[in-house]
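What follows is a single structure, and I will ask about it in a moment.
Read-outs throughout are calculated quantities, based only on the coordinates presented, and are distinct from any laboratory measurement. Because the structure is a prediction, the values reported are computed rather than measured. Cβ coordinates were reconstructed from backbone atoms using ideal geometry, including for glycine residues, and neighbour counts include every protein chain displayed.
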Amino acid sequence: MTVNPSMVEIPDSLGTPPRAPTSFWQRNSVRENICGIFWKLTACVGFALVNSFVRYLTGGAGGIENPLTPGVVVLFQNIFGCLIMLPFVLKNGFSSLKTQHPLIHGIRIIAAVFGIISLYTAFSKMPMTQVVALQFTGPIFTVIGAKLYLSEHVGKLRLLGIFLGMVGAFVLTRPDKALTSGQLDMDQLVVFLPLISAALFVVAKLSVRKLGKAGEKPQLLALYLLFFMIPVSAIYAASTWVTPTNNQLLMMIALGGSGCLAHYATAKAYAHAEVLFLTPFGFTRLILTSILGFTLFGEFPKNEGLIFAVLFIITSVMVITWGEVRLKNKTKPT
C-alpha cells in the first residue's frame, strides 16, 4: 500500500499513479463505481479536516493564544502520521532500503516537505477556500513538468486546460495589482504560496514517475517518504520553533489521522474507479472546505471574482483529465 500519511491534498503525487482503465464508457460494474465515489468523498472529508486543523493551529483564523508555525505543524503531522501508518508498513515487512537513485529520492522528499510548508503558510494567511481553489491548479504544473522533465506529449486539450487554469489563477491572485501598486509586501506575495506549493508537489510527483520507470518498488517509495520527511521537516521546524501545548498535540494527532484517512481513501477510490469518473467528485473538497471555513471560523470569501475563477479552474482540471485519458487510450497498444 503506497499511502503517504504526511502529504496534504496530493491524491496521486507521492505514490504510484492511480490506474485509469481505458474503456470508461464500457465499464459495467456499478458497484465498483459506487465504492469509488464513497472513498473519494471520504478522502475529501479527510482533506477538509486537515485544512481546518492547520488553519486553526497556525493561528490563521484567530482565537488561539499559542499559534504554531507551519514548520512545527508539518513536523508533528509527519511524526504522528508515520506512527499511525507504521503498523501497516511493518505488516508487509521491510524490503531492502538500498537504492541506486538517492538524488531523485532526495529531490522528492525536499519538494514534498517544502510544498507542505508553503501550503500551511498559505493557510495561516489566507481563507481556506481561496487556498484550496489555487491548489487545484496542480494538473497545470503536472502537464508542464511532464513535458519539460519527461518529454511527454502536450495535446490541444492539455493546452486548453492550461490556459483556462491560468485565467482562473490570475483572477484569484491578481498579480497585476501587486506590480502596479509601486511596492511589494508579504501580504501581497502570500497569494502565490498555493501555486508554489502545487508546483513543488508536481516535482515530487514527477520524481515518483522517474523512480518508477527506473524500477523502484512502491514499498520502497513509501518507506523513504515516511521516514525521511521527519528529519527534513525537523531542520526547518527548529528555525521557527514554538512548543505545542498538550491540547495542540492532541489536535495534531487528529491532524495526522485525518491525513492518513484522506490518502488511504484516495488510494482505495482509484483502485475501484477511473480517474475521469472520480474527478468531478474531487471538487467536493472545495465545497466542504468552504463550509467548514464559514462554520468554524466565520470565513466568507470576499474575492469578487472567486466564483468566476473557481469555474475556470474546475473546467481546466476536467479538460486536462479528459486529455490525459484520451492520450492514454491513443498510446496504449491494441
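For segment 251-260, just list the computed ³J(HN,Hα) in residue order, Karplus coefficients 6.51, -1.76 and 1.60, θ = phi - 60°, integers in Hz, with x standing in for Gly and Pro.
Values, residue by residue: 5, 6, 5, 5, 4, x, x, 5, x, 4 Hz.
Okay, next question. Please rank W39, W322, fewest neighbouring Cβ atoms within 10 Å first, as an exposure proxy. Intermediate results must be reported in sequence, preceding the final value.
On the way: W39 22, W322 17.
Starting with the residue having the fewest Cβ neighbours, the order is W322, W39.
Oh, and also: What ranking of V50, V202 emerges when the number of other C-beta atoms within 10 Å of each C-beta is taken as an exposure proxy, fewest first?
Working: V50 28, V202 25.
So the ranking, lowest neighbour count to highest, is V202, V50.
Still on this model: Separation between the S239 and I64 pseudo-spin-labels, each 7 Å from Cα along Cα→Cβ, expressed in nm?
Each label point is offset 7 Å from its Cα along the Cβ direction, giving 2.2 nm.
Using a Förster distance of 45 Å, how high is the FRET efficiency between I287 and K217, based on the Cβ-Cβ distance and rounded to 0.05? Intermediate values should be presented prior to the final figure.
Values: r = 37 Å, r/R0 = 0.82.
After rounding, the FRET efficiency stands at 0.75.
Would you order Y236, Y264 from fewest to most other beta-carbon atoms within 10 Å of each residue's own beta-carbon?
Details: Y236 17, Y264 21.
Least crowded to most crowded, the residues run Y236, Y264.
Can you pull the one-decimal nm distance between simple spin-label points at Q100 and L86, each 7 Å off the Cα toward Cβ?
Distance between label points: 3.2 nm.
Of K147/K210; K156/K213; K125/K210; K40/K125; K40/K213, which sit over 24 Å apart, Cα to Cα? Numbers along the way, then the final one.
Values: K147/K210 13 Å; K156/K213 26 Å; K125/K210 34 Å; K40/K125 28 Å; K40/K213 27 Å.
Table pairs above 24 Å Cα-Cα are K156/K213; K125/K210; K40/K125; K40/K213.
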